[in-house]
Amino acid sequence: MSMFSFLDREHTVAKPGYSRWMVPPAALCVHLCIGQAYALSVFNLPMTKLVGITESAPEDWKLTQLGWIFSIAIFFLGVSSAVFGRWVEEGGPRRAMFTAALCWAGGFFISAIGIQIHNLWLIYLGYGVLGGIALGIGYISPVSTLIKWFPDRPGMATGMAIMGFGGGAFIAAPLSVWLMNQFTTDTHIGVKETFIVLGIVYLAFMLVGSAIVRVPAPGWAPKGYVAPAQSKKLITTNNVYVYDALKTPQFWLIWWVLCLNVTAGIGVLGQASAMSQEMFPSQITPIAAAGLVGLMSLFNMGGRFAWASTSDFIGRKNTYFVFMVLGFVLYCTVPYTGSIGSVVGFVVCFLIIISMYGGGFSTVPAYLRDMYGTRYVGAIHGLLLTAWSAAGIFGPVLVNYIREYNVTHGVPKAQAYNTTMYIMAGLLVIGFICNFFVKAVDKRHHMKEEADGVAAASATA
């Protein structure tokens, strides 16, 4: 195992003079790669024609079947982040990033084999299971590290860590369409080759990120930083042990806040390309739809940084109130934009929705840091991401199956998504109520100083 000792946490401790601003690029190397998951929808329609080429043949896969690839990946993202959260926290970010790189590239290569032999279960296993594990480990790997490097601006730090995940599709969507065009012939659609190229490229970038990441030395603080002398309302200076957090009502309230916010956005994001083409068939082409996916990715990324940074000033709870209220209004507006044929209105609604969807992800680690302290925030964040797993199933299923039900019952494709939009708006009302009841964690859950020292010793042993 000595050949892999460079992955150990002690080999990633920053030496004096190391700039903390080197850590965000390391995080971006990983998050921009795994953020490709948000561009998966550009493969959906081509993968319904792998056999028929110009149109779907009877043995081709259906959109509803393909939608499960994304759902399985997001499910395993949440499961792996919960299962491996403490392993990531104690082993350090380099080992986690390295592991995520191998799993992510492996998922693409296995999926390429599945496409070659036309076996959807192999794609579920490759991209869904193995890729999903990579998503979970890679996603949480830099979060705790950046919070420790930026104790003065935790919201901004988590925004930097997570914005790359939202921005990955901005690169991946047009790149994937271009690669497919290069490899497609009259008798073959180039999805397999595209998967192989993406796997190689992502492996290289993620390994670079794992090489340059560092953790701060014990007791390090930025120049001039003074820790708060006492707890503010909803912000603690104490720590809560990772599994004790599960015993607090705040954890489950925030779990539901995240789950409902994500469910509302993720189903739309997973089918953004197909939905926009079906709602505006004469106005949005496949290339324009890929452009929309890329534009939504840009707002997803920008929202992660902007909303999380804003939460440093207005507070995490108030930031989520904004998400719920504004999201409710926008979801109720989307069917109207479709009925009047307003592409601009549709696009504007979804760009703002997706910015808040991304903002929800980047604000929640800082919300958890406020509630539970910095010691185990990465592992607690990993447990909370099971909310993303649940939402990764609820959201796409709501969009895909309600659409199919409506279409089979004679509803025009352009109006098939309206019911779902109103359901999403209702979910945000429930999220608003859950967020309303969040208050400071009871001090009986705080780690005592003696126990704190024991935990620290066991963590480094």
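Would you check if Ile110 is modelled with pLDDT of 90 or more, over 21 Å from the mean Cα position of the chain (by Cα), aliphatic (A, V, I, L, M) and under 28 Å from Leu385 (Cα atoms)? When the stated conditions are applied, Ile110 passes them.
Checking each residue in segment 202-213 for being β-branched (Val, Ile, Thr) and free of Cβ contacts under 8 Å to residues at least 40 places away in the same chain picks out no residue at all. Taken over segment 104-125, the criterion of being surrounded by 24 or more Cβ atoms within 10 Å (Cβ to Cβ) and under 22 Å from Leu207 (Cβ atoms) is satisfied by Trp104, Ala105, Gly107, Phe108, Ser111. Look through segment 178-204, keep the residues that are part of a loop (DSSP other than H, G, I, E, B) and β-branched (Val, Ile, Thr), and return whichever of them is farthest from Ser111 (Cα to Cα). Per the criteria, the residue is Thr187.
Scanning segment 267-289 for residues that are surrounded by fewer than 22 Cβ atoms within 10 Å (Cβ to Cβ) and either of a type in the set (D, E, K, R) or in a helix (DSSP H, G or I) (or both) returns Gln277, Glu278, Pro286, Ile287, Ala288. Every condition in (1) at pLDDT below 90; (2) surrounded by 22 or more Cβ atoms within 10 Å (Cβ to Cβ); (3) not aromatic (Phe, Trp, Tyr) is met by Ala100 except one, and the failing one is (1). One residue stands out among those in segment 355-387 that are within 16 Å of Thr145 (Cα to Cα) and of a type in the set (S, T, N, Q): the one that is nearest to the chain's Cα centre (by Cα), which is Ser362. Filtering Val325, Val364 for residues that are touching a residue at least 12 places away in the same chain (Cβ under 8 Å), of a type in the set (A, V, I, L, M) and surrounded by 24 or more Cβ atoms within 10 Å (Cβ to Cβ) leaves a single hit, Val364. Residues in segment 131-182 that are surrounded by fewer than 22 Cβ atoms within 10 Å (Cβ to Cβ) and closer than 25 Å to Ser41 by Cα: Ile171, Pro174, Leu175, Trp178, Leu179, Met180, Asn181, Gln182. Of Ile133, Ile162, Ile137, all but one fail to be β-branched (Val, Ile, Thr), at pLDDT below 90 and within 20 Å of Ser389 (Cβ to Cβ); the exception is Ile162. Looking across segment 243-257, just one residue is within 22 Å of the chain's Cα centre (by Cα) and free of Cβ contacts under 8 Å to residues at least 60 places away in the same chain, and that is Trp252. Here the condition is being closer than 22 Å to Phe432 by Cβ and of a type outside the set (Phe, Trp, Tyr); of Pro286, Pro335, it holds for Pro335 alone.
All of Tyr243, Tyr225 fail the test of being in a loop (DSSP other than H, G, I, E, B) and modelled with pLDDT under 85, apart from Tyr225. Could you list, in sequence order, the residues of segment 330-361 that are among the aliphatic types (A, V, I, L, M), surrounded by fewer than 20 Cβ atoms within 10 Å (Cβ to Cβ) and without any contact (Cβ under 8 Å) to a residue 40 or more places away in the chain? Result: Ile340, Val344, Val348.
The values are calculated or read from the model by the stated rules, or taken from the named source; none is laboratory data. Note that the structure is predicted; figures quoted are calculated from it, not measured. Here Cβ is always computed from backbone atoms with ideal geometry, including for glycine, and neighbour counts include all displayed protein chains.
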